[in-house]
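Here's the structure we're looking at; comments come further down.
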Amino acid sequence: MPERFREDLCEPDRKELAEGPAYRFELDRRQWISSIGAGLLVTAAGKVVFSPGGASAQVRPSQRLHLGEDGSITVLTGKVEFGQGSRTEILQAAAEELRVSPDVLRVMLADTAETPNDGSTAGSRTTPSTIPVVRRASAAARELLVRTAAEAWNLDASELRVEAGAVVRAGDRFSYADLARAQRPASTVDDSVPRGVPLREVRNWTVLGQTLPKVGAREIVTGAHRYPSDIVRPNMLYGAVLRPPSYGAQLESVELAPGRELGAVVVRDGEFVGCAAKTSYEARKALEAISETAKWRTMAHPPSEGLGAYLKRHAQPSAGGRRGARRRESGDVDSALAAAQTLEASYEIPYVQHAPLEPRAAVAEWDQDRLTVWTGTQRPFGVREQLAEAFRLGADRTRVVVPDTGGGFGGKHTGEVAVEAARLARAAGKPVSLRWTRAEEFAWAYFRPAAAFEARAGLSGEKILAWDFTAYNPGTAAIETPYAVPNVRTQYIPCDSPLREGSYRGIGATGNNFAREVFMDELAGAAGLDPLEFRLANLDDGRLSAVLRAAADRFGWSASKSLGRNRGSGIAAGFEKGSYIAICAQVRVAGGSVEVERLVSAFDCGAILNPGNLRAQIDGCVIQGLGAALSEEIRFAGGMLVNGSFARYPVPRFRGTPPMEAVLLNRPDIPPAGAGETPIVAVAPALANAVFAATGQRMRSLPLRARAA
Amino acid sequence: MARFTVQVNGNQLAVESPPDRPLLDVLREDFDLTGTKYGCGEGQCRACTVLIDGQPTASCLTPISSVDGMSVTTIEGLASGDQLTALQQAFVEMDGAQCGYCTAGMIVEATALLQRNPKPSRSEIVDVMNPHLCRCCGYRNILASVELAARGWEANDA
């Protein structure tokens with residue numbers, strides 16, 4: 001069977017915060033003055049429309065490319081750049097198909113008034129969804145250029161080729177700017193580009209498939225780039241918002257006068273209380289003065305101690321709907337278990353916080369009843385809806401702009417800070433910049449779900465005959481085993497969570513894969529097989545087997561399993577969102593800590609778009625995964641976090657970064673899948689399995705708590 | 001409120017401010033030098049690092065009164081015109097930034113390191129840089145960037 005992109009296994013996780021808008025309005029957005037000049041707008045289907053630009057510009061959701069009469073070429077997408085490299089790869093995709101040098105292109109991202117709605121930047125969807133439409137629109141524009149030139153020169157189109165952004169023939173040159181000017185009289189040139197203009201084959205790529213320096217790197221290294229928290233508007237104030245002392249606490253009373261006496265704008269609107277002042281220092285001082293007068297009614301809230309048992313007690317097995325419970329069964333699991341050698345085990349993972357280095361931030365500005373907010377969100381159009389609803393505005397009166405932002409990792413799908421900044425700006429009658437403090441970001445952003453797992457399997461020799469897996473609360477990503485098992489029952493049961501939950505790198509796949517891959521190690525032991533051999537014996541997925549073999553080969557798996565007391569190696573694999581990861585890790589356990597001595601990963605995400613960026617994403621996933629495996633765990637008691645700071649919630653640093661190597665398995669024959677999530681899912685189980693090899697202690701919860709033997 | 005004078009990136013700047021206001025806020029809000037970032041407000045992430053009389057310092061923990069009459073260098077003050085420093089150019093070359101929010105602090109810290117010790121070993125670089133957080137976890141490319149600059153790579157070779 002030919003390899004394919006397994007779209008069927010890429011459904012959104014049930015813990016993914018609602019993705020994309022419910023509606024796709026074709027609103028009149030002419031009231032926003034566009035930065036796009038006169039020229040042609042091109043859709044992925046090859047429909048081309050002339051746009052006069054400026055105040056009359058109106059980019060429709062399907063329009064992907066703008067060819068300016070001034071020679072500018074702008075790629076339009078609603079995706080955001082949070083460090084994952086989307087801007088650079090989208091630029092490469094357009095440059096490849098347009099046959100232009102990448103440095104002449106501009107990529108305009110995530111502005112609800114100027115770019116198409118591409119839903120959220122999540123689920124590793126930019127690569128499989130956005131890159132192809134950008135390529136198709138660019139190929140259509142190239143085709144139109146050739147055809148128009150051929151017509152003008154009375155030649156056959158097949159004789160002409162585009163190079164460096166123009167068709168050239170014996171001294172004549174016809175560029176994209178010429179095309180934009182030539183098409184001006186025609187309002188629409190609908191049928192001039194046939195559907196299915198061929199995209200350049202992977203083996204002929206000259207821009208895609210290469211490592212390109214990050215677009216905007218110069219602005220980053222000089223401090224010139226303005227992140228959301230750096231946006232400055234005329235007469236802008238700085239805000240601060242009152243937070244409850246504990247989860248669920250309700251405000252009974254508060255005096256606003258102490259804040260106003262300090263010169264701040266103070267607003268209370270229901271549960272919302274905030275201040276705005278000329279400096280963030282003054283806003284904080286005013287907030288402190290108010291805060292001292294606040295009276296709260298607190299609510300009981302469970303502690304993180306005993307969280308796994310709490311989740312199971314608060315399971316919601318009958319919860320329905322898209323976010324509800326799910327059960328899938330194939331074969332006859334109970335009969336197969338009854339006839340086999342069985343093993344069972346339970347696992348747990350805690351809440352973790354994304355803690356992007358730039359906390360949530362927004363600048364809001366009102367122009368009468370029109371609102372513009374610059375903010376770092378992965379769901380620009382979703383946040384626009386949130387703002388429109390909060391202020392009862394039409395979506396056409398609400399604009400969200402997402403400057404390239406300081407990290408998200410799935411943690412910035414929401415628009416709380418945008419709504420808060422807009423409420424303060426409304427009260428102040430001036431633009432307001434609001435940036436959450438680190439403590440707010442820890443406590444009031446949402447968390448990667450905590451979860452518990454129960455796994456049971458039946459073995460016959462080296463084969464798994466039955467697999468029975470129940471996951472409490474992690475989400476559904478990677479919940480189905482990728483191993484070839486004839487009888488499988490998989491249950492997902494959401495739980496009543498004490499903390500606010502949402503997306504994360506891989507979301508549910510982090511926990512589901514941790515439990516499964518540690519259990520696979522336990523089963524290998526029960527079967528008396530090497531963990532790698534056992535996995536391969538139970539796989540018929542060629543790509544997963546290939547990454548396992550590649551990681552093991554580079555690592556020297558067969559030679560490095562037994563390394564003496566308190567040192568050992570572990571292996572784990574995973575499949576999610578169209579890509580495949582395997583990791584081998586060698587650890588040394590000293591006292592109560594786990595030192596990772598070296599780590600080798602092997603990754604296959606289809607055709608590689610940008611090897612440098614891919615390596616950076618694998619590095620980021622793996623090292624962030626080391627944090628979740630070894631140190632990261634949100635603890636809470638009395639309704640508040642116990643460790644909501646970088647001092648108490650240790651995240652990976654330079655010193656914990658082990659010698660690492662990533663083997664990239666390029667598959668030019670397979671359409672590319674995203675790479676910013678999947679590599680994280682094999683880190684924790686590989687380390688847990690390595691600790692077992694080193695000490696004989698089976699690690700069934702995270703973060704790993706090992707003791708030297 | 002009191003008046004404080006600071007030489008920032010070579011320019012003599014004055015500000016009326018409460019004495020305990022953090023230098024970070026003054027740089028960002030009064031001088032519009034937003035390249036220096038807030039990450040935690042407690043010196044744990046070092047995104048706010050600036051040079052005070054040449055010493056890398058967390059500006060979030062530095063009251064403005066404590067730098068009165070002193071010299072401050074921020075990320076904006078490193079390049080001369082369009083000419084990046086060798087270290088900045090190395091960060092571009094080695095893909096030393098993912099989201100880039102930590103980059104200013106990293107570059108300012110490493111600039112001071114390379115001035116003190118132009119040929120630091122890897123472990124010396126790690127020791128000096130360790131207080132700096134990169135939540136994208138791009139540590140390997142950051143180290144490679146600093147090492148490239150330390151090898152005497154010249155910006156004008158680009």
Query raised in the report: For the subset of region A:597-624 comprising residues that are assigned to a helix (DSSP H, G or I) and under 15 Å from A:A682 (Cβ atoms), which member is farthest from the other protein chains (Cβ to nearest Cβ)?
Result: A:I618
Report task. Go through the residues of region B:73-85 one by one and say whether even a single one is buried (at least 20 other Cβ atoms within 10 Å of the Cβ), assigned to a loop (DSSP other than H, G, I, E, B), in contact with a strand residue (DSSP E or B) (Cβ under 6 Å, 6 or more places away or on another chain) and in contact (Cβ under 8 Å) with a residue 24 or more places away in the chain. Result -> yes
Query raised in the report: Is region A:287-297 home to any residue that is on the phi > 0 side of the Ramachandran plot, more than 34 Å from the chain's Cα centre (by Cα) and touching a residue at least 12 places away in the same chain (Cβ under 8 Å)?
Result: no
Query raised in the report: If a residue has to be assigned to a loop (DSSP other than H, G, I, E, B) and touching a Ser or Thr at 6+ places or on another chain (Cβ under 7 Å) to count, how many in region B:22-37 make the cut?
Result: 3
Query - From the options A:A110, A:A137, A:A93, A:A141, residue that is under 25 Å from the mean Cα position of the chain (by Cα), modelled with pLDDT of 90 or more, crowded, with 20+ Cβ neighbours inside 10 Å and over 29 Å from A:T398 (Cβ atoms) - result: A:A93
Query raised in the report: Applying the selection to region A:516-567, what residues are part of a loop (DSSP other than H, G, I, E, B) and either free of Cβ contacts under 8 Å to residues at least 60 places away in the same chain or within 29 Å of the chain's Cα centre (by Cα) (or both)?
Result: A:G528, A:D530, A:L539, A:D540, A:D541, A:G556, A:S560, A:G564
Query raised in the report: Does A:K577 satisfy being assigned by TED's automatic domain parsing to the domain that holds A:A628 and surrounded by fewer than 20 Cβ atoms within 10 Å (Cβ to Cβ)?
Result: no
Query - Residue count for region A:659-687, restricted to those that are surrounded by fewer than 18 Cβ atoms within 10 Å (Cβ to Cβ) and within 11 Å of chain B (Cβ to nearest Cβ) - result: 2
Requested in this report: Check off (1) within 18 Å of B:N130 (Cβ to Cβ); (2) facing chain A (nearest Cβ under 8 Å); (3) within 14 Å of the chain's Cα centre (by Cα) for B:A112 and give me the number that stays unchecked.
Outcome: (2)
Report summary line: Inside region A:345-393, the number of residues satisfying the requirement of being touching a helix residue (DSSP H, G or I) at 6+ places or on another chain (Cβ under 7 Å), surrounded by 24 or more Cβ atoms within 10 Å (Cβ to Cβ) and not aliphatic (A, V, I, L, M) is 10
Query - All positions within region A:410-440 that are hydrophobic (A, V, I, L, M, F, W, C), in contact with a helix residue (DSSP H, G or I) (Cβ under 7 Å, 6 or more places away or on another chain) and within 14 Å of chain B (Cβ to nearest Cβ) - result: A:V432, A:L434, A:W436
**Report entry** Count of region A:278-309 residues which are more than 14 Å from chain B (Cβ to nearest Cβ), in a loop (DSSP other than H, G, I, E, B) and either more than 30 Å from A:G429 (Cβ to Cβ) or touching a Phe, Trp or Tyr at 6+ places or on another chain (Cβ under 9 Å) (or both)
**Finding:** 9
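Here is a yes/no grid of residues against (1) more than 8 Å from every other protein chain (Cβ to nearest Cβ); (2) touching a helix residue (DSSP H, G or I) at 6+ places or on another chain (Cβ under 8 Å); (3) under 15 Å from B:P56 (Cα atoms); (4) assigned to a loop (DSSP other than H, G, I, E, B):
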position: B:F91; (1), (2), (3), (4): no, yes, no, no
position: B:Q98; (1), (2), (3), (4): no, yes, no, yes
position: B:M106; (1), (2), (3), (4): yes, yes, yes, no
position: B:P118; (1), (2), (3), (4): yes, yes, no, yes
Query raised in the report: Is it the case that some residue within region A:249-257 is polar (S, T, N, Q), assigned to a loop (DSSP other than H, G, I, E, B) and over 30 Å from A:A110 (Cα atoms)?
Result: no
Report task. Can you give me the number of residues within region A:225-248 that are facing chain B (nearest Cβ under 7 Å) and surrounded by fewer than 18 Cβ atoms within 10 Å (Cβ to Cβ)? Result -> 2
Query raised in the report: Any chance region A:322-337 includes a residue that's part of a loop (DSSP other than H, G, I, E, B), modelled with pLDDT under 95, exposed (fewer than 14 other Cβ atoms within 10 Å of the Cβ) and not β-branched (V, I, T)?
Result: yes
Report summary line: Checked region A:67-93 for anything of a type outside the set (A, V, I, L, M), within 24 Å of B:C102 (Cβ to Cβ) and free of Cβ contacts under 8 Å to residues at least 60 places away in the same chain; matches are A:K79, A:S86
Query raised in the report: Based on what the data block shows, is A:T481 under 30 Å from A:G223 (Cα atoms), part of a loop (DSSP other than H, G, I, E, B) and among the β-branched types (V, I, T)?
Result: no
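The values are calculated or read from the model by the stated rules, or taken from the named source; none is laboratory data. The structure displayed is predicted, hence computed values, not measured ones. Virtual Cβ from ideal backbone geometry, glycine too; neighbours counted across all protein chains shown.
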